[in-house]
Amino acid sequence: MRKEKKGAMEMALGTVVTVILLVSVLALGLVFIKKIYDEGIALTDILNEQVYSEIEKIFAESDVLIVIFPRTNTISIQRGTSDEGFAFALDNLNSEDTEFHWKVFVNPDFDIENSNCGITSAEAEKWLLQKEGKTFLQRNSDSSQNPELILFTVPRNAPICVISYVVEVYSSDKKYAESPVKIQIKK
């Protein structure tokens, strides 16, 4: 009977030690994850500030009305990817506060059927999560603080090719600005 009690005590003690170790590892894991999350948020804030700064610099150095970011000629998106794309910002040169309407579509001058893509323009436009929208800018506002984000959801079976899109912006039913954007679908 004495051996049974000793065995029970050893087992209970082993269980307590195991639980304490597991709780400690869990706590350390949560601290580690929180630290990574906080650093990710800080990095995102820094990148946003750099993007805003770059957009303002472009508007100040040139007379463009629309800036696409990133500034590369072609934006790469992997097949099977969701919520990736590009941003654009406008500079309001109108004499008053203005509501701008914008839309994104496959460039009609781009012959998608003969570009080895194997899809139609309508299929490529389905990848856009938002095809049109509105943005309001005050006269002489800080344009970079109002970028519009254009996101794509590219299916896993999408062909590997480059598709040309256009961003068109209207003010009072008149075309205000437009910019081509090439999206390269990668493996």
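The values are calculated or read from the model by the stated rules, or taken from the named source; none is laboratory data. What you see is a predicted model; the values in this text were computed from it and never measured. Here the Cβ positions follow ideal geometry from the backbone for every residue, glycine too, while neighbour counts run over all protein chains shown.
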Completion exercise
Subset of the stretch 91-118, residues surrounded by 20 or more Cβ atoms within 10 Å (Cβ to Cβ) and at pLDDT below 85, comes to Asp91, Asn92, Ile112, Cys117
Handout entry: Options Tyr176, Tyr170, Tyr165: the member that is crowded, with 19+ Cβ neighbours inside 10 Å, over 20 Å from the mean Cα position of the chain (by Cα) and either closer than 16 Å to Leu90 by Cβ or of a type outside the set (A, V, I, L, M) (or both)
Key = Tyr176
Problem - So Phe152, is it buried (at least 17 other Cβ atoms within 10 Å of the Cβ), modelled with pLDDT of 90 or more and either in contact with an Asp or Glu (Cβ under 9 Å, 6 or more places away or on another chain) or not β-branched (Val, Ile, Thr) (or both) - result: yes
